[in-house]
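Some notes on the structure that comes next.
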Amino acid sequence: MRTRQMALTPEHLAQVHRLLEDPGPDPTWTYHADQDYKAIVDRLLASHPGGPDAWLFAYGSLIWKPELVHVEARRATARGWHRSFCFRIERFRGTKHKPGLMMSLDRGGQCRGVVFRLPPDDLERQLDKLVRREITVKPPNNIPRWVTVETDKGSLRAIAFVMNRQSRFYTGRLPPEEVADVLAEACGHWGSGAEYLHNTVAHLEEQGIRDRNLWRLQALVAERITPNA
């Protein structure tokens, strides 16, 4: 599949990027502790669908920055879920004064991504790294659960982080224009929302995966940054 030229370019990203210090955890929030992470991993292992393999479904930054060991990767489709910038963040890629938006899997539609097979001899440690990366506050924004995905070698069960609609940061489905307004300005100590979007779209393209909603969104974000050049 031929890679398309994105409207959102490194030049756009440079205009949004700012060097910011990490404000640290908000003392008014409640955070997961070691015993909480262990309980989450134990539940995932106890609910493992069986068989020798454990798979992880990646749909966003886990594709381009997995930070965990895997022994195989395949393209996959999760039906009944779709990518959505549907929860607000006030740290990492946003601030309290200029909150950002982060992507999760929300109900409805379908999502094409990548599944990673995790090493069976190091599964518990890799899952611990994974949940610590994806989950911070209570109640969590993302909830890990087993979902069915389809690959070119058949269907399988994989762990996916899906949106917790009970989270106080859940925004529901926002118009793409509103999402673009936020991503074109929000930035935190990890970088900007525009950079996150750019990396996700670019790496999906490398995998031969075209998400028409994200493709439209990156063009909308580029339009909002360009007038400030």
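The values are calculated or read from the model by the stated rules, or taken from the named source; none is laboratory data. Treat the numbers as computed from the prediction; the structure is a model and nothing was measured. Cβ sites come from the backbone with ideal geometry, for glycine too, and all protein chains shown count toward neighbours.
Would you mind finding the one in LEU105, LEU8 that is buried (at least 16 other Cβ atoms within 10 Å of the Cβ), closer than 25 Å to ARG168 by Cα, at pLDDT 95 or above and among the aliphatic types (A, V, I, L, M)?
It is LEU105.
Can you say whether THR171 is closer than 25 Å to LEU220 by Cβ and touching a residue at least 40 places away in the same chain (Cβ under 8 Å), as far as the supplied structure shows?
Against the criterion (closer than 25 Å to LEU220 by Cβ and touching a residue at least 40 places away in the same chain (Cβ under 8 Å)), THR171 qualifies.
Test each condition in (1) of a type in the set (Gly, Ala, Ser); (2) within 17 Å of the chain's Cα centre (by Cα); (3) part of a strand (DSSP E or B) for SER155 and report the one that comes out false.
Among (1) of a type in the set (Gly, Ala, Ser); (2) within 17 Å of the chain's Cα centre (by Cα); (3) part of a strand (DSSP E or B), the lone unmet condition for SER155 is (2).
Those residues that are within 11 Å of GLY100 (Cβ to Cβ) and either of a type in the set (Val, Ile, Thr) or outside any helix (DSSP H, G or I) (or both), I need them from the range 182-224; list them, please.
VAL182, ALA184, GLU185, ALA186, CYS187, GLY188, TRP190, GLY191, SER192
Which residues, taken from the range 117-149, are surrounded by 17 or more Cβ atoms within 10 Å (Cβ to Cβ), in a helix (DSSP H, G or I) and without any contact (Cβ under 8 Å) to a residue 60 or more places away in the chain?
Those that are surrounded by 17 or more Cβ atoms within 10 Å (Cβ to Cβ), in a helix (DSSP H, G or I) and without any contact (Cβ under 8 Å) to a residue 60 or more places away in the chain: GLN126, GLU134.
Could we say that ASP34 is without any contact (Cβ under 8 Å) to a residue 12 or more places away in the chain and among the acidic types (Asp, Glu) here?
Criteria met by ASP34.
For (1) modelled with pLDDT of 95 or more; (2) crowded, with 16+ Cβ neighbours inside 10 Å; (3) in contact with an Asp or Glu (Cβ under 7 Å, 6 or more places away or on another chain); (4) basic (Lys, Arg), each residue gets a yes or a no:
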{"position": "PHE161", "(1), (2), (3), (4)": "yes, yes, yes, no"}
{"position": "PHE169", "(1), (2), (3), (4)": "yes, yes, no, no"}
{"position": "PRO175", "(1), (2), (3), (4)": "yes, no, no, no"}
{"position": "VAL179", "(1), (2), (3), (4)": "yes, yes, no, no"}
{"position": "LEU183", "(1), (2), (3), (4)": "yes, yes, no, no"}
{"position": "SER192", "(1), (2), (3), (4)": "yes, yes, no, no"}
{"position": "ARG210", "(1), (2), (3), (4)": "no, no, no, yes"}
{"position": "LEU214", "(1), (2), (3), (4)": "yes, yes, no, no"}
{"position": "ALA229", "(1), (2), (3), (4)": "no, no, no, no"}
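Kindly establish whether LEU68 is under 29 Å from GLN218 (Cα atoms) and free of Cβ contacts under 8 Å to residues at least 40 places away in the same chain.
The answer is no for LEU68.
From the residues in the range 27-52 that are assigned to a loop (DSSP other than H, G, I, E, B) and surrounded by 13 or more Cβ atoms within 10 Å (Cβ to Cβ), which one is modelled with the lowest pLDDT?
Filtering the range 27-52 for residues that are assigned to a loop (DSSP other than H, G, I, E, B) and surrounded by 13 or more Cβ atoms within 10 Å (Cβ to Cβ), the one modelled with the lowest pLDDT comes out as HIS48.
Keeping to the range 53-95, report how many residues are among the small types (Gly, Ala, Ser), crowded, with 17+ Cβ neighbours inside 10 Å and more than 30 Å from GLY24 (Cβ to Cβ).
Residues flagged as among the small types (Gly, Ala, Ser), crowded, with 17+ Cβ neighbours inside 10 Å and more than 30 Å from GLY24 (Cβ to Cβ) within the range 53-95 amount to 3.
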